Amino acid sequence: MHEFVIRPPPKGGMVQCRIVREKSGLDRLYPHYSLFLEESNTFLMAARKRKKSKSSNYLMSLARGASSRDSTSFIGKVRSNFVGTEFIVYDDGEAPDPSTEEPGEPTSSTNTIRQELASVIYSSNILGFKGPRKMTVLIPALKDDSTRVVWRPTTPAATLTERHKAGNLSGMVVLQNKAPVWNEQTQSYVLNFHNRVRQASVKNFQLVHPDDLDYIIMQFGRVAEDAFTMDFQYPMCLLQAFGIALSSFDNK
């Protein structure tokens, strides 16, 4: 299962998944998310929002219930900046500097430092909150053998986000959300999700590369109050897609 989660699927086919959100009682502000393979309803991963974190922080797990970071089922995490506009998806490695993490996070030697698997940057457009959000998603590039370029930054300047801000795009793939079109009949911005999304939401999105706007690398959208579709394909892997989806739940 670990290999299935971290490796991109073969070229030529979209992997269709479903996310179920559970929020009730005192834990409404800290929902649990379960990810299933759509066709077979097979459980794949779970995530939960951590309590008592300085910024939004999600643990991703191969076990139901999204157990603690110390569990053998822990597979990765998503962490936001303080204002919730930038998110980083990590694997299950360890933090390079204890001062940048939550209490209790272990530190590590270089070979076990966590990898950055994706960076998600949200920004408003000229229409403000009434218009669709703008997303920029950065993922490590794939080599000719389909293995991922390893990003293990040990300083803030070496992260995907900061390299992108500096204009250094070597070793990364820059994706953007496909611009929706205004629909007069529904009075909303719409995208063609090919019947995979049933409810309009500002959080619905499709990710594409600027050079090929018809090749949907990932799409995410609401089908019911607490049910969402999450589809992805090469060059993205399941862990990256789930982390990006979690950022969409969180971004205001």
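Calculate, for the chain, the solvent-accessible area per residue in square angstrom, rolling a 1.4 angstrom probe over the heavy atoms of the protein chains.
Heavy-atom accessible area per residue stands at 50 Å².
Students often get this wrong, so try it: which of (1) 53, 39, 34; (2) 60, 57, 31; (3) 57, 45, 36 is Cα extents along the principal axes in Å as calculated from the structure shown?
(3)
Taking GluC sites (Glu not before Pro) as candidate sites, keep only those in a DSSP loop with at most 16 other Cβ atoms within 10 Å, then name the longest stretch of the chain containing none of them. Walk me through the numbers on the way to the answer.
On the way: sites that count: E38, E39, E184, E225.
With a cap of 16 other Cβ atoms within 10 Å, the longest stretch comes to 40-183.
Can you give the accessible area of V181, probe radius 1.4 Å, in Å² rounded to 10?
V181 exposes around 100 Å² with every protein chain in place.
For L239, L29, write out the residues from largest to smallest accessible area, computed with a 1.4 angstrom probe and no ligands counted.
Output order, biggest surface exposure first: L29, L239.
Please go through the residue pairs K51/K165; K49/K165; K49/K143; K77/K203; K52/K178; K134/K165 and name each one whose alpha carbons sit more than 24 Å apart in this structure. Each step should come with its number before you reach the end.
On the way: K51/K165 30 Å; K49/K165 28 Å; K49/K143 33 Å; K77/K203 20 Å; K52/K178 35 Å; K134/K165 16 Å.
Table pairs above 24 Å Cα-Cα are K51/K165; K49/K165; K49/K143; K52/K178.
Would you compute, from DSSP H runs of 4+ residues alone, the mean residue ellipticity of the chain at 222 nm, taking -39500 (n - 2.57) per run and dividing by the full residue count, rounded to the nearest 500?
When only DSSP H runs of four or more count, the value is -2500 deg cm²/dmol.
I'd like the carbon and sulfur percentage of the solvent accessible area for the chain, probe radius 1.4 Å, heavy atoms only, ligands and nucleic acids excluded. Could the numbers behind the result be given before it?
Working: 6670 of 12720 Å².
Heavy-atom surface of the chain belonging to carbon and sulfur, 1.4 Å probe: 52 percent.
Could I have the simple spin-label model distance between L169 and L37, label points 7 Å from Cα toward Cβ, reported in nm to one decimal?
Distance between label points: 3.5 nm.
Starting from the residue with the highest accessible area, list K23, K165 in decreasing order, probe 1.4 Å.
Most to least solvent-accessible, the answer reads K165, K23.
What's the longest piece of the chain with no exposed chymotrypsin sites (Phe, Trp or Tyr not before Pro), counting a site as exposed if DSSP puts it in a loop and it has at most 14 other beta carbons within 10 Å?
The reported range is 130-214.
Given the whole protein assembly as supplied and a 1.4 Å probe, what does the accessible area of D145 come to in Å², nearest 10?
Solvent-accessible area, nearest 10 Å²: 100 Å².
May I ask which residue of P153, L246, Y90 lies farthest towards the positive end of the charge dipole of the chain, with charges of +1 (Lys, Arg) and -1 (Asp, Glu) on Cβ and the Cα centre as origin?
L246
The values are calculated or read from the model by the stated rules, or taken from the named source; none is laboratory data. Computed from a predicted structure; not experimentally measured. Neighbour counts are summed over all protein chains in view; Cβ atoms, including those assigned to glycine, are modelled from backbone coordinates with ideal geometry. We work out accessible area using only protein heavy atoms, side chains counted, and drop any ligands, DNA or RNA first. Shrake-Rupley method; radii C 1.70, N 1.55, O 1.52, S 1.80 Å.
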